[in-house]
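What follows is a single structure, written as structure tokens, with notes after it.
The values are calculated or read from the model by the stated rules, or taken from the named source; none is laboratory data. Being a predicted model, the structure only gives us computed values, none of them experimental. As a convention, Cβ positions derive from the backbone with ideal geometry for all residues, glycine included, and neighbour counts pool all protein chains shown. For accessibility, only protein heavy atoms count, side chains too; no ligands or nucleic acids. Shrake-Rupley method; radii C 1.70, N 1.55, O 1.52, S 1.80 Å.
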Amino acid sequence: MQKPKIALTIAGTDPSGGAGAMADLKSFHACGVYGMSAITSIVAQNSLGVQHIHNLEPAWLEEQLASVFNDEPPHALKTGMIPTPDMMIIIERYLKDFDIPYVIDPVMVAKSGDSLMAEQVRKQLKTTLLPYADVATPNIPEAEEITGFQLETMDQIHRAGDFFINEVGSKGVVIKGGHLEGDATDHLFTREGHFVFEGERYPTEHTHGTGCTFSAVITAELAKGRSVYDAVAKAKAFIALAIKYTPEIGRGRGPVNHFAYQSQKGWD
């Protein structure tokens, strides 16, 4: 058997399985990639919202990352919920030392509207982690928080893309259009140009974990050696099927279906 590619997620937990490291690992598996995880926070959450957050000691994150990288470094990694500046500094050291693709999902607010990141930590994100990103995947509210201006028009979305590439220093950014009116259209900006990924909007509220899943698929595809464009295209198709065939779990905003793409398309 051929040795699989490896993807690492650094994120918080979700005991209901819809978001965070749990969703990332499901997504890695559905893409045919071996998943590893390092936990930043223990989060009590479900489809109804976030009830409690318990951030781990930064040293505990360091110990987890040392265990992974001293044994079998991943071929790509992603970060989700990074709740403290000290954790960001620890992760930054690994990004400097290991030249592997990096995807950042700048998780700030849960789908339920609950805040997951303090104000001062949001500001530090721009200077410690975002400059290393091969792909950042903010939704509209997150992009507005990072750039400091509203995103309602195409000119403003272009301005945001330029901000990420030329001001922050990210190599690429996908500004996700799920919070805008009309079709679910995402915009990829790289140093090579602007690319549009259009998609149908499905009439469901079961979208818990969409951001985690989308960024995890990009990470898995980059671990396979795919281009950023191809990785984003796969993630767009993956999340569309995941939303279309939601498993209807939970009494609130339920999770997406992490195995819909695999059952429809198989591993590719």
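Mean separation of Cα pairs under 8 Å and 6+ residues apart, divided by the residue count of the stretch 139-261: what relative contact order is that in percent? Reported relative contact order: 18 percent. The distance separating the Cα centre of the stretch 32-90 from that of the stretch 205-268 comes to 20 Å.
Please tell me the relative contact order of the stretch 26-157 in percent, rounded to the nearest whole number, where contacts are Cα pairs under 8 Å and at least six residues apart. About 20 percent, as a whole number. Of HIS194, HIS206, HIS258, the order by accessible heavy-atom surface (1.4 Å probe, DNA, RNA and ligands excluded), from most exposed downward, is HIS194, HIS206, HIS258.
Using a probe radius of 1.4 angstrom, the carbon and sulfur fraction of the accessible surface of the chain is 49%.
Each residue of the stretch 245-253 is assigned a 3J(HN,Hα), and the resulting list reads 10, 4, x, 6, 9, x, 9, x, 7 Hz, derived from the Karplus form 6.51 cos²θ - 1.76 cosθ + 1.60 (θ = phi - 60°), x at Gly and Pro. Could you pull out every one of the aspartates and glutamates with an alpha carbon less than 20 Å from that of LYS265, ignoring same-chain neighbours closer than 8 positions? Straight-line reach from LYS265, under 20 Å: ASP24, GLU198, GLU200, GLU221, ASP230. Give the range of the longest stretch in the chain that excludes all GluC sites (Glu not before Pro) found in loop regions by DSSP and having at most 14 other beta-carbon atoms within 10 Å. Result, exposed sites excluded: 1-151.
Sequence-ordered 3J(HN,Hα) estimates for the stretch 40-56 from the Karplus curve with 6.51, -1.76 and 1.60 and θ = phi - 60° stand at 9, 8, 9, 10, 8, 8, 8, 5, 8, x, 9, 9, 8, 10, 10, 6, 6 Hz, glycine and proline given as x.
For MET22, the accessible area of its heavy atoms, probed at 1.4 Å with every protein chain present, is near 70 square angstrom. The simple spin-label model puts a point 7 Å past each Cα toward its Cβ; for HIS52 and SER67 those points are separated by 2.3 nm. Probing with 1.4 Å while keeping every protein chain in the model, the per residue accessible area of the stretch 22-73 equals 48 Å². For the chain, the Kirkwood radius over C-alpha pairs fed into Stokes-Einstein at 4 °C and 1.567 mPa s yields D = 71 µm² per second.
Taking amide H atoms as placed 1.01 Å from N in the peptide plane, the amide H of ALA38 lies under 5 Å from those of THR9, ILE10, ALA11, each 5 or more residues away in sequence or on another chain. Close amide H pairs (under 5 Å, H built 1.01 Å from N) link HIS208 with GLY254, VAL256, residues at least 5 positions away or on another chain. The residues packed around ALA11, meaning those with a beta-carbon under 11 Å from its beta-carbon, carry a net charge of -2 if Lys and Arg are +1 and Asp and Glu are -1. Could you check which residue among PRO247, PRO255, PRO106 shows the biggest mean-square fluctuation in a GNM of the chain with a 10 Å Cα cutoff? Of PRO247, PRO255, PRO106, the most mobile in the Gaussian network model is PRO247. Which one of ASP14, ASP134, ASP97 has the biggest mean-square fluctuation once the chain is modelled by GNM with Cα springs under 10 Å? The residue that fluctuates most here is ASP97.
Karplus-derived 3J(HN,Hα) values for the stretch 89-96, using 6.51 cos²θ - 1.76 cosθ + 1.60 with θ = phi - 60°, are 5, 4, 5, 4, 4, 5, 5, 6 Hz; glycine and proline are entered as x.
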